[in-house]
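Comments concern the structure below.
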Amino acid sequence: MSLVYLWRRIHLGRGWDRVEAAILIACVLIALLGVPLAAAAGSEAYATMMARSALETASRHSTTAFLLEDAPPARVGVDGTPSVETAPVAARWALPDGRFQEARVASGLGASAGDAVIVWLDESGAVVEPPVTPLDAASAGIGVGVGVWLGAAALLAAAYLLARHLLNRARWAAWDREWERFGQDSRS
């Protein structure tokens, strides 16, 4: 038994109802077909971030720096958990040639002078952000894939709701015409 045969056998459904059902089915199918496309977008984002991670890992290195001053006091949230904020604090670290370098580095709130912190340096010795990690790359890939699919699904849902609104207007207009014709028939 074919789906077309079953579709035509629905006696209670009006033509408008069949159109709405067809639009809904099309939107669901398009959303399902969008899953591989969203996965491809997420995979591409992951590959890009992993390439960036490899480049940054090759061109950056970490060293231990010691704080030269106290960081601002730590803050505690309303729920009692300590803040994970950082603040720029003066620090000093040794370079490979034996010299020392000083700069302001990010340190957790509440750190004291003399505490050790990890700093990342580029090839010129400037303080830089840590390299992108594989976990960061995976998170970005998943976020892009899910975001692309949810965006497409939201557009499809909006298109369905717009089509349903227009179909409802057509249904009400047809209903009004039927009542007018019924009124004219009952007067004759």
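Once the range 110-121 is narrowed to residues that are open to solvent by 30 Å² or more (accessible area, probe 1.4 Å) and of a type in the set (A, V, I, L, M, F, W, C), the residue that is nearest to residue 64 (Cα to Cα) is 118. Of all residue pairs spaced 6 or more apart or on separate chains, those with beta-carbon atoms under 7 Å, a first member in the range 117-133 that is of a type in the set (D, E, K, R) and a second member that is assigned to a strand (DSSP E or B) are 122/128; 129/120. Write out, first by first residue and then by second, each pair whose Cβ atoms fall under 6 Å of each other, whose residues are 6+ apart or on separate chains, and whose first residue, in the range 46-68, is surrounded by fewer than 17 Cβ atoms within 10 Å (Cβ to Cβ) while the second is of a type in the set (Phe, Trp, Tyr). Here the result reads 60/120; 62/120; 63/93, each pair linking the range 46-68 to a residue that is of a type in the set (Phe, Trp, Tyr).
Residue 145 fulfils the conditions (1) small (Gly, Ala, Ser); (2) in contact with a Ser or Thr (Cβ under 9 Å, 6 or more places away or on another chain); (3) part of a helix (DSSP H, G or I); (4) modelled with pLDDT under 90 except for a single criterion, (4).
Residues of the range 167-185 include at least one that is open to solvent by 70 Å² or more (accessible area, probe 1.4 Å), at pLDDT below 90 and of a type in the set (Lys, Arg). Looking across the range 69-81 at every residue that is loosely packed, with under 15 Cβ neighbours inside 10 Å and of a type in the set (Gly, Ala, Ser), the one that is nearest to residue 130 (Cα to Cα) is identified as 74. If you go through the range 106-156 and keep only what is more than 29 Å from the chain's Cα centre (by Cα) and among the hydroxyl-bearing types (Ser, Thr, Tyr), you end up with 112, 124.
The values are calculated or read from the model by the stated rules, or taken from the named source; none is laboratory data. Small disclaimer: the values here were computed from a predicted structure and weren't measured. Cβ: placed from backbone, ideal geometry, glycine included. Neighbour counts: every protein chain shown. Remember, those area values only see protein heavy atoms, side chains included, never the ligands or the DNA or RNA. Shrake-Rupley method; radii C 1.70, N 1.55, O 1.52, S 1.80 Å.
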